[in-house]
1. Provide a single number: the residues in region 118-164 that are under 20 Å from residue 75 (Cα atoms) and more than 20 Å from the chain's Cα centre (by Cα).
2. Quick one: which residue in 54, 26, 13 is outside the structural domain of residue 124 (by TED's automatic domain parsing), surrounded by 12 or more Cβ atoms within 10 Å (Cβ to Cβ) and within 17 Å of the chain's Cα centre (by Cα)?
3. Going residue by residue through region 137-146, is there one that turns out to be in contact with a helix residue (DSSP H, G or I) (Cβ under 8 Å, 6 or more places away or on another chain), exposed (fewer than 15 other Cβ atoms within 10 Å of the Cβ) and assigned to a strand (DSSP E or B)?
4. Starting from region 55-67, take each residue that is over 16 Å from residue 2 (Cα atoms) and list its partners that are surrounded by 12 or more Cβ atoms within 10 Å (Cβ to Cβ) and at pLDDT 95 or above, counting only C-beta distances under 8 angstrom and pairs at least six apart or across chains.
5. Just give me the residues in region 60-77 being touching a helix residue (DSSP H, G or I) at 6+ places or on another chain (Cβ under 9 Å) and over 19 Å from residue 123 (Cβ atoms), in sequence order.
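The values are calculated or read from the model by the stated rules, or taken from the named source; none is laboratory data. Small disclaimer: the values here were computed from a predicted structure and weren't measured. Don't worry about glycine lacking a Cβ; one is built from the backbone with ideal geometry, like all the others, and counts go over all protein chains shown.
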C-alpha cells in the first residue's frame, strides 16, 4: 500500500469519527439549551461527511451495490465474530460494565445487520418495499415495524425511530 493510500485511509477514519463525535456533541448541546452551538456542530459534522466521502471515493472504496453489500456483510461478520468478542472479554476482565454493555449490544446488532445485508444481496433485483426501525438505545434494527420491546436491550417501542 502506498503512503497516499495509507493517508486516505487515515483521513477517512478521522473524518468519519469527527462526524459521529460532532453529532453527539450537537445532541448534548441541544439538551443543554445551546441550540446555536448544536447547529454549528451539525454543520461541521455534515462537512466532515463530505470530506469522508471524498476520501472514500479517492480510495475507490465505493463499488456497485452488490459489491458494497458483500463488503458490508463481511465487515459486520468480522465485527461480531472477531472484534467484539475480544472487546467484551477485555471489558469484563477489567470490570468496565458500561463498555461491556455497549460492546455486547453492538455485537448482537451487528449479527442482525449482516443478516439484513445478506437478505438484500440475495434479493437485490426484487426487494420489496419495507420500512426499517432502529432502537435508540442499542441500535437494534428491524424491518416493517418496531417491536413492543427491543429483543437486545429491552427498550420499549417508543425508543425506536423509523429510518427514511
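1. So the count comes out to 3.
2. On the way: 54 fails: within 17 Å of the chain's Cα centre (by Cα); 26 fails: within 17 Å of the chain's Cα centre (by Cα).
From the options 54, 26, 13, the qualifying one is 13.
3. yes
4. 62/56; 62/68; 63/71; 65/124; 66/121; 66/124
5. 61, 62, 75
Quick grid of which residues meet (1) in contact with a helix residue (DSSP H, G or I) (Cβ under 8 Å, 6 or more places away or on another chain); (2) farther than 26 Å from residue 53 by Cα; (3) in the same structural domain as residue 53 (by TED's automatic domain parsing); (4) outside any helix (DSSP H, G or I):
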site: 87; (1), (2), (3), (4): yes, yes, no, no
site: 91; (1), (2), (3), (4): yes, yes, no, no
site: 101; (1), (2), (3), (4): no, yes, no, no
site: 106; (1), (2), (3), (4): yes, no, no, no
site: 113; (1), (2), (3), (4): yes, no, no, no
site: 121; (1), (2), (3), (4): yes, no, no, no
site: 126; (1), (2), (3), (4): no, yes, no, yes
site: 151; (1), (2), (3), (4): no, yes, no, yes
